[in-house]
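Below: the structure, in structure tokens.
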Amino acid sequence: MLLSVLICTVSTFGMVSGGPAVAREQMTYAERLGWPSGTKVVIFHVDDAGMSYDSDQGVAQALAGGVATSTSVMMPCPWVPQMAAYLKDHPQTDAGLHLTLTSEWDNYRWGPLVGKPAAPGLVDPQGYLWPEVKNVLDHATVEEFEKEIRAQIEKAQAMGIAPTHLDSHMGTCFYEPFIESYVKVGIEKKIPVLMTGGHMQHVGPEVGKFKLLLTALGERVWKAGLPVIDDLVTQPTNAPEYEGRKQQLLKLLAEMQPGITQIIVHCTAPTEVFAQISGSGKARAAELRLMLDPEIRSFIQKQGIVLTTWRELKQHRDAAGQ
């Protein structure tokens, strides 16, 4: 899980001075951003925009007709121009950047935007981004990492995409020694970064003694004027059949604690080609169906759950002051 990765990597920020006051520690980030006490605020976030034609179609359907509220774009991928055109036609879309340092599929690959000569540690012998996070950690330098994520931001802006937030494909940005650059660049550019510093209900029981470190890291981002969320769910459903997935999601929504929770989904409208990329097409199609399911929408309304976006979080953060 993404935040499980963070547990092992926040030592860089573990000595942040001036921890939050006790009263603030007892407040959720939803409350600190102006929502009433007890409010459940949710971002349904669709990962992997721009990764493929099928991914782009799934993103567009989930955002236009479903409960999904946000997405993020993988800038090194081949279908980014189509997503950029969609965002131009739908300027209110909450679209961030899914900072991409890996290329995990066997027969469908992409390379770094800066090119191999500028960042040789980011690429495998074939010239593509490494397939696994471990490979990046073993070979890439912090300088190469930061050069590439800056290039991805610059490319997005050149294509007319004004990112509402930054997050990380496969969690690479949350490992030492890269996490500090990830946060630094977000703060410098005043772009919100995915960072969890609240109750972390779904991060897992292994948080334990590391929760204070994560809280300190979240507070650093907050003090820089950027929003922070309370919790992150990276795999909301895994049942083999659709009805099982629906019940898992309804249970998650019913039992989640108040605060801001981002729920990550991978919505795809798979054609026959997607099977040549990944065997995950059935699961991704099911997650798209969940976002479009009227029973899910009705449950959210009946529960009083507030759906939000990263753009709205930043607006709330700006209004909250220090």
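Rule-based calculations on the coordinates, nothing more; no lab input. Just so it is clear, the model here is predicted, and its values are computed rather than measured. Reconstructed Cβ throughout: ideal geometry from the backbone, glycine too, with neighbour counts over all protein chains shown.
Just a few scattered comments:
- Within region 181-190, if we keep just the residues that are surrounded by 17 or more Cβ atoms within 10 Å (Cβ to Cβ) and not aliphatic (A, V, I, L, M), the residue that is farthest from the chain's Cα centre (by Cα) turns out to be Ser181.
- Restricting region 64-75 to residues that are in contact with a strand residue (DSSP E or B) (Cβ under 9 Å, 6 or more places away or on another chain) and surrounded by fewer than 24 Cβ atoms within 10 Å (Cβ to Cβ), the residue that is nearest to Leu194 (Cα to Cα): Thr69
- The number of residues in region 82-118 being touching a Phe, Trp or Tyr at 6+ places or on another chain (Cβ under 8 Å), of a type in the set (Gly, Ala, Ser) and without any contact (Cβ under 8 Å) to a residue 60 or more places away in the chain comes to 2.
- Checking each residue in region 151-171 for being within 15 Å of Leu101 (Cβ to Cβ) and small (Gly, Ala, Ser) picks out Ala151, Ser168, Gly171.
Residues checked against (1) surrounded by fewer than 19 Cβ atoms within 10 Å (Cβ to Cβ); (2) within 23 Å of Gly65 (Cβ to Cβ); (3) within 21 Å of the chain's Cα centre (by Cα); (4) not charged (D, E, K, R):
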{"position": "Ala254", "(1), (2), (3), (4)": "yes, no, no, yes"}
{"position": "Gln257", "(1), (2), (3), (4)": "yes, no, yes, yes"}
{"position": "Thr261", "(1), (2), (3), (4)": "no, yes, yes, yes"}
{"position": "Pro270", "(1), (2), (3), (4)": "no, yes, no, yes"}
{"position": "Lys282", "(1), (2), (3), (4)": "yes, yes, no, no"}
{"position": "Ser298", "(1), (2), (3), (4)": "yes, yes, no, yes"}
{"position": "Thr308", "(1), (2), (3), (4)": "no, yes, yes, yes"}
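- Verdict on Val133 being in contact with a helix residue (DSSP H, G or I) (Cβ under 7 Å, 6 or more places away or on another chain), of a type in the set (A, V, I, L, M) and crowded, with 18+ Cβ neighbours inside 10 Å: yes
- In region 91-128, residue farthest from Gly171 (Cα to Cα) [restricted to those that are in a loop (DSSP other than H, G, I, E, B) and β-branched (Val, Ile, Thr)]: Thr93
- Residue check for Leu217: in a helix (DSSP H, G or I) and either of a type in the set (Phe, Trp, Tyr) or in contact with a helix residue (DSSP H, G or I) (Cβ under 6 Å, 6 or more places away or on another chain) (or both): yes
- Residues of region 58-86 satisfying the condition of being among the polar types (S, T, N, Q) and out of contact with any Leu (no Cβ under 9 Å at 6 or more places or on another chain): Gln82
- Scan region 247-291 for residues that are free of Cβ contacts under 8 Å to residues at least 40 places away in the same chain and not in a helix (DSSP H, G or I) and the total you get is 3.
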